[in-house]
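So the structure is just underneath, and the comments pick up after that.
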Amino acid sequence: MFSLRSFATVGGMTLMSRILGFVREVLIAQIFGTGPIADAFIVAMRLPNLLRQIFAEGAFSAAFVPVFTRHLTERGMSGARIFAEQVLSLLLIALLVVLVGAELAMPWLIHIFAPGFDADPAKFQAAVLFTSITFPYIVFMSLCALQGGMLNGLQKFAENAVAPVILNAILIATMWFIKGNELFVGEALAWSVTLSGLVQFLWLTSACHRAGLRLRLPLPRLTPDAVQLFKLMVPGLFGASVVQINLVVSTILATLHPGSVSVIYYADRLYQLPLALIGSAIGVVLLPALTRALRSDDPQGAMHMQNRALELGLVFSLPSMVGLIVAALPIVTTVYQRDKFTPEDAQNVSLALMIMSAGLPAYVANKALTAAFLAREDTTTPFRQAVISVGVNIAISFSLTLPFGYIGVAIGAMASAWVNAILLGTILYRRGFLRLDARSKRTLPRLLLCCIGLGFATWAAVFWLWPGQAAATHTQIVALVAIIAIAAAVFAGLVLLFRVVGLAELRNLRRKR
């Protein structure tokens with residue numbers, strides 16, 4: 001079932017990864033700022049990462065986990081392992097073809113994904129070099145998606161959640177020990193990205209062996225099960241990957257304005273912290289749980305899980321949204337502003353963060369809503385709604401980016417998230433798959449009141465405690481910690497006052513833990 005313990009496991013490991021990710025981004029901002037090498041390296045990291053998230057962790061995982069879980073339920077471990085081996089042999093061939101083709105066509109890929117780099121030959125060449133080095137990362141991470149999907153299907157979430165920590169640890173070590181000019185450090189970081197993919201693959205291979213899943217590599221064969229999986233994947237390329245596809249659109253348009261790629265990237269990394277902690281954890285835990293409930297002919301249990309997942313997502317994402325919007329400038333300044341990252345850069349990133357954060361509850365809800373379709377092996381419906389929402393993103397971003405730069409990119413991504421959430425929720429309601437129960441109807445309005453109080457408390461704390469952009473870093477850190485502590489205390493008090501979570505529930509949770 002959808003358990004808080006599983007959610008906490010994935011969220012806790014993701015938190016560890018994101019803390020290291022913060023350190024990584026601080027070092028990148030300190031070394032590169034928002035200059036041309038920063039833009040080139042960000043594209044080199046983003047392109048294989050986006051393809052990984054769309055094809056491997058997006059469409060592939062969305063299709064593979066429910067089918068693997070069904071095989072596990074109906075045919076046992078042996079049947080599920082045979083199915084995974086069939087998929088592995090076909091996936092490996094496809095990945096090698098994509099890798100060779102991409103390496104040969106790398107200059108053309110950069111023309112497509114970073115058209116604005118054409119105006120700066122040095123930046124363009126750096127992007128081609130860095131991306132050629134990082135692209136094998138997608139091969140390792142696609143294989144990791146297969147291994148992670150098997151572990152999630154077995155309700156073993158910790159090992160898969162630890163894997164992203166490896167990437168951040170290796171990149172931090174590289175920046176700590178490798179010194180030189182920006183181009184040299186950028187190339188070293190590109191090699192570190194690929195190395196981290198190999199290490200993550202070996203880590204998950206070991207985890208699968210411990211779980212009793214020692215996969216062989218049979219001759220590739222298109223079995224009916226494999227054909228069904230790939231049929232589910234095709235619409236899932238859009239349906240399960242709206243965030244990543246919107247990010248592709250944002251990156252392409254941002255390259256038309258010098259420095260905008262870096263601004264959107266740095267804002268996205270802060271915005272992705274609560275999204276990864278909440279949304280990704282919900283999606284990872286909810287999908288196999290819903291699949292098992294539906295396979296066991298328990299629609300009421302599935303509806304209960306859906307309500308709890310949405311409720312839990314909003315309990316965390318709404319206050320996160322308020323905090324990121326109200327305290328955007330103190331957060332960005334404290335995290336990034338030093339050396340080549342200027343106060344003007346901090347103001348630009350803060351504005352982008354405020355706009356993007358307004359879509360945070362929608363993105364988190366999308367994770368839970370999409371899982372309801374995927375658990376029923378319906379990837380077509382999320383695909384159709386994703387096409388509409390991505391169209392909204394393209395229309396808004398394209399019309400606003402030319403006059404307003406990165407601001408238009410941020411508005412387009414935020415609006416697209418809300419359109420997708422509204423469409424998915426409406427369809428689930430009409431089909432009878434989503435009904436708010438009495439607990440959700442009681443909790444959500446009270447949560448909104450708590451968030452209003454949180455907004456006022458955060459604003460007051462920033463007004464009285466924030467020392468400004470010119471203050472010393474240690475002073476800013478102390479002030480930001482105090483602001484966050486005051487805001488958290490006020491929100492916790494309001495949650496108890498309005499009985500969003502009762503003391504009895506907290507005591508029961510403590511006993512369960």
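For the reader, a short list of remarks on this structure follows.
- Residue that is at pLDDT below 85 and surrounded by 23 or more Cβ atoms within 10 Å (Cβ to Cβ), where the choices are 397, 357: 397
- Within region 366-387, if we keep just the residues that are in a helix (DSSP H, G or I), open to solvent by 40 Å² or more (accessible area, probe 1.4 Å) and of a type outside the set (Phe, Trp, Tyr), the residue that is farthest from residue 420 (Cα to Cα) turns out to be 380.
- For the residues 495, 500, the requirement of being touching a helix residue (DSSP H, G or I) at 6+ places or on another chain (Cβ under 9 Å), in a helix (DSSP H, G or I), at pLDDT below 90 and not charged (D, E, K, R) singles out 495.
- Of all residues in region 408-445, those that are over 30 Å from residue 256 (Cβ atoms) and either in contact (Cβ under 8 Å) with a residue 24 or more places away in the chain or of a type in the set (Val, Ile, Thr) (or both) total 14.
- From the list 171, 151, the lone residue that is open to solvent by less than 20 Å² (accessible area, probe 1.4 Å), farther than 30 Å from residue 252 by Cα and in contact (Cβ under 8 Å) with a residue 60 or more places away in the chain is 151.
- Selection within region 22-51 - farther than 21 Å from residue 332 by Cβ and among the small types (Gly, Ala, Ser): 40, 44
- Filter pass, residue 166 being under 29 Å from residue 291 (Cα atoms), free of Cβ contacts under 8 Å to residues at least 60 places away in the same chain, β-branched (Val, Ile, Thr) and open to solvent by 20 Å² or more (accessible area, probe 1.4 Å): no
- Scan of region 117-158 for residues that are among the hydroxyl-bearing types (Ser, Thr, Tyr) and at pLDDT 90 or above, ordered by number: 131, 132, 134, 137
- Filter result for residue 317 (open to solvent by 20 Å² or more (accessible area, probe 1.4 Å) and either at pLDDT below 80 or hydroxyl-bearing (Ser, Thr, Tyr) (or both)): no
- Residue match in region 7-22 (condition: of a type in the set (Lys, Arg), within 28 Å of residue 313 (Cβ to Cβ) and at pLDDT 65 or above): yes
- Odd one out for residue 207, checked against (1) modelled with pLDDT under 75; (2) over 15 Å from residue 83 (Cβ atoms); (3) out of contact with any Pro (no Cβ under 6 Å at 6 or more places or on another chain); (4) open to solvent by less than 50 Å² (accessible area, probe 1.4 Å): (1)
- Test result for residue 362, within 16 Å of residue 250 (Cβ to Cβ), of a type in the set (Gly, Ala, Ser) and either assigned to a helix (DSSP H, G or I) or touching a Cys at 6+ places or on another chain (Cβ under 6 Å) (or both): yes
The values are calculated or read from the model by the stated rules, or taken from the named source; none is laboratory data. What you are looking at is a predicted structure, and each value in this text was computed from that prediction instead of being measured. So basically every Cβ, Gly included, is an ideal-geometry build from the backbone, and we count neighbours across all protein chains shown. The accessibility values were calculated without ligands, DNA or RNA, using every heavy atom of the protein model including side chains. Shrake-Rupley method; radii C 1.70, N 1.55, O 1.52, S 1.80 Å.
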